[in-house]
Amino acid sequence: MRLNGGCIALASLLLLGTPLRGLAAEALTLATTTSVQDSGLLGVLLPPFEKQNEVTVKVLAVGSGQALELGRRGDADVLLVHSPDEEAIFVKKGHGLARRPFMYNDFLIVGPNSDPAHIRGLPSAASALGAIAKAQASFASRGDESGTHAREKQLWRRAEVQPAGDWYLSCGAGMAATLRVADEKLAYALADRSTWLAWKSKLALQPMVEGDPVLLNTYSVIVASPSVRPAAKSRLAQRFADYVFSDEARAIISRYGKDKYGRPLFHLLPKEKAATTAR
Amino acid sequence: MLGLHARNISHAYRGRAVLREVTLELHPSQRLAIMGPNGAGKSTLLRLLAGLEAPSRGKVLAAHGGGALADQVNLRRRIVLVLQRPYLLNTSVLGNVSYGLRVRGLPAAVAREQAHQVLESIGFPAKAHRPARTLSGGESQLLNVARALAIQPDVLLLDEVTAHLDPENEARIEQLVQRYVAAAGTAMVLVTQDLAQATRLAAEGVMLCDGQIVERGRLPELLRQPRDPRAARFLRGHTLQAES
Amino acid sequence: MREIAAAFGEAVHLLVTDGGDVWATVARSLYVSGLSVAIGCLIGLPVGAAVGLGRFPGRRLAAAVLNAGMGLPPVVVGLFVYLLLSRSGPLGFMRLLYTPSAMVAAQTILAAPVVAALTFSSLAGLDPAARLTALSLGATNRQATLALLAEARFGIGAAVTAGFGAVISEVGAVMMVGGNIAGSTRVMTTAIMLETGKGDFQLAIALGIILLLLALIVNVGLGYLQMAGGES
């Protein structure tokens, strides 16, 4: 007798206890890069969208290459990446609807104060890497097929160097982790501006080479091809892509980082340029 | 040949008095039985005689004088104690028999050779390489005694070594011990509840009750006319056994 | 599904042709974990033996501490070693973070208590008559201790095997203090994590097969040793 009553009580408790939000809200899977995640931008950019659309955005932070792979496989609804060449191929092959660049920042080469390869202030990033290779100075690479890694490989190609040897540390890790390795090992590294600004106070590394136009880093949002996603998710993904170009989102992006680092982490691309890409 | 002298020893274990002012002399080649009820302290006395522990009070010395037994490895190594329940080392039969020889520094090959001879004399040469723990109960005890004898001790201490054996195995062990002791002139102390066995194997005996020696004398006279009431009580309980 | 089957085939191919430095990674795992267990034994065997065979006040407390050591979470050990070895830490001047030595340090901390605790339990579980028998047959204290160690040899073997099993498959500590740097601190477990994250399954599967085989060997060996120890 008592057992029965107990069971009913337990069941009601469980039902009532289930978070209602979880039952009602939809989820949108966003695949992005660890550098975007580490910058903290998503923490302020996502909530207004989530509230307005009553969704939770599930963020998978991996390398650009992996993010694109997730999009191709249909494991993500929308992508926020920064690997233009690969993105172009991705869209061309039909794995995603048009890529829509919306913001940019830049990369820089950082390194130990002692600057064993003497690259400080060099205008060309590629020649800086060439000098590093020549001096066999330690260099910490992302090594994870991320957008940053892709950019790094591009620079090595420009410098006509195939990096290999004990001095070249392929970390297979995110930006913050790679910077920590560089810090510990007194190595150079290619870092994206946002992660650098967020972490530099904790590191002994110094900026070495910046400003070279090849170091610009453009971020795009790509909706995964509807052929691999349920229709409802694709619609939601499209709404997210549109949201990123909304005045509200742009205001958030242009402000982000100013109070903390004195300068915004990201710069907006002019709206007109962004809007001309196919819808 | 070695003799032992336990001089006024008392021993307490975990706060409980086990032996009280026991004085015992063991002459070289003497064959002595120690009898008494359970809990009288017989096993403890044997351990002290073996020098494995030092008594709480008093000393166990070699009969010819010199320091306490417990402190002198060389002296201790001329005495061996055989326990009631055989603990066989987790190795072969041969390994068990040669253990005592090896710890005394004999080269392994020599120890093995001597161990083989011992095994032959007890009749299980074929089992030399079997794991010791596969032996039966009777064989295990035989091995237990044999590995003690392999050391050729000057003093042999036996703690109720046939208590759990059937008559056939008991006889084998008694024969082994008697043969050895007679041939080598070893001194022997035998703790036993079996009065007939005491009479068979030993010439003199002491009765231990409540940690004290209450009777001493030659066997079998000691058993027939006990003076101490505690001894008498013990013996009464064993008369049937004694007469068998 | 086809993708995974294809990856499996490629994995076997990698193993056969030593593609992707598979065998170098395996060798590195064996080196790091092997060395850690070796040092762990140098520490753990004497400690476990001392507590297992000794009689001293506080012995029960010591035994409890040893057993607690078996439950050290690898990530916590990794954190501890990381803090110790980082540039801002007390041992930062040694520049050991993100080197194989740091990984060995962390894994030794994981292996030693396992070896100690299991050595303790196998020695403490010996029949008390063992020591008495050895002594009564003329062993000195030192010889008796050696005899007891020999009696417990299967249990001690199991302790060492268990220690190895604990570290060869652990990933948290070695990732944190090693940094998973290719060609230097990348071991089987961290490589599998990386490759899976990248979506490149063939190398992950190849290493996974080897790791699984190793784990099986370790566990079968452990089972045999424990049984052999128990039978006697």
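Key figures
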read-out: Inter-chain shielding of C:175-187 (mean C-beta neighbours from other protein chains, 10 Å cut-off); value: 5
read-out: Restricting region B:1-108 to trypsin sites (Lys or Arg not before Pro) in coil, as DSSP defines it, with at most 11 other Cβ within 10 Å; value: B:R14
read-out: Label-point separation, A:K92 to A:A231 (7 Å along Cα→Cβ), nm; value: 3.2
read-out: Length released on extending from A:A164 to A:A27, taking residue separation times 0.36 nm less the Cα-Cα span; value: 45.0 nm
read-out: Angle between chain A longest axis and helix A:231-244 axis [Cα atoms, degrees, rounded to 10]; value: 50
read-out: Alpha-carbon centroid distance for the pair region C:104-159 / region A:189-236, whole angstrom; value: 57
read-out: Residue mean of other protein chain beta carbons inside 10 Å, A:168-178; value: 5
read-out: Inter-chain Cβ neighbour average for residues B:73-81, partner chain, 10 Å; value: 3
read-out: Mean residue ellipticity (222 nm) of the protein assembly as shown, computed from DSSP H runs ≥ 4 via -39,500 (n - 2.57), nearest 500; value: -17000 deg cm²/dmol
read-out: Kirkwood-based Rg to Rh ratio, region B:176-229, C-alpha trace; value: 1.01
read-out: Base-10 log of normalised Debye intensity for chain B (one unit scatterer per alpha-carbon) at q = 0.15, 0.17 Å⁻¹; value: -1.05, -1.30
read-out: Cα-projected label distance for C:A129 with A:N53, points at 7 Å along beta-carbon direction, nm; value: 7.8
read-out: Gain on full stretching of the segment that runs from B:R133 to B:H116 - 0.36 nm per residue minus C-alpha separation; value: 4.3 nm
read-out: Of all DSSP beta bridges in the protein assembly as shown, antiparallel share, percent nearest 5; value: 55
read-out: Alpha-carbon centroids, region B:11-82 and region C:179-214: separation in whole Å; value: 66
read-out: Value in Å of the Kirkwood radius, where the protein assembly as shown supplies the Cα pairs that are averaged; value: 32.9
read-out: Calculated FRET value between A:A204 and A:V44, using beta carbons and R₀ = 30 Å, to 0.05; value: 0.55
read-out: Packing-based order for A:258-270, A:52-64, using average beta carbon neighbours within 10 Å, highest first; value: A:52-64, A:258-270
read-out: Relative contact order (%) - chain C, alpha-carbon pairs under 8 angstrom, separation at least six; value: 30
read-out: Normalised contact order of region B:34-159, rounded percent, pairs of Cα under 8 Å and 6 or more residues apart; value: 31
read-out: Within region A:204-244: backbone nitrogen closer than 16 Å to the A:S127 label point (7 Å, Cα to C-beta); value: A:209-215
read-out: When the convex hull of its Cα atoms is projected in every direction, mean area for region A:106-215 (nm²); value: 5.7
read-out: Choice from A:L179, A:L216, A:L70 showing the highest fluctuation, given a GNM over chain A with Cα pairs closer than 10 Å; value: A:L216
read-out: At 1.306 mPa s and 10 °C, Stokes D of chain A from Kirkwood alpha-carbon radius, µm² per second; value: 78
read-out: Kirkwood-based Rg to Rh ratio, chain C, C-alpha trace; value: 1.07
read-out: Bins of 10 Å, starting at 0 and running to the largest distance - Cα pair percent for region B:68-182; value: 14, 47, 33, 6, 0
read-out: Rounded tilt (10° steps) of A:2-17 against the dominant C-alpha axis of chain A; value: 50
read-out: Among the listed pairs A:K58/A:K260; A:K202/A:K260; A:K200/A:K271; A:K153/A:K200, those beyond 20 Å (Cα-Cα); value: A:K58/A:K260; A:K200/A:K271; A:K153/A:K200
read-out: Lys/Arg +1, Asp/Glu -1 at C-beta; the protein assembly as shown dipole; positive extreme among B:T91, C:A162, B:A187; value: B:A187
read-out: Estimated FRET transfer efficiency when R0 is 35 angstrom, pair B:E221-B:Q152 (beta carbons, to 0.05); value: 0.65
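Throughout, read-outs are computed from the coordinates displayed, never taken from laboratory work. For clarity, every value in this text was computed on a predicted model and none was experimentally measured. For neighbour counting, all protein chains shown are included, and Cβ atoms are generated from backbone atoms with ideal geometry for every residue, glycine included.
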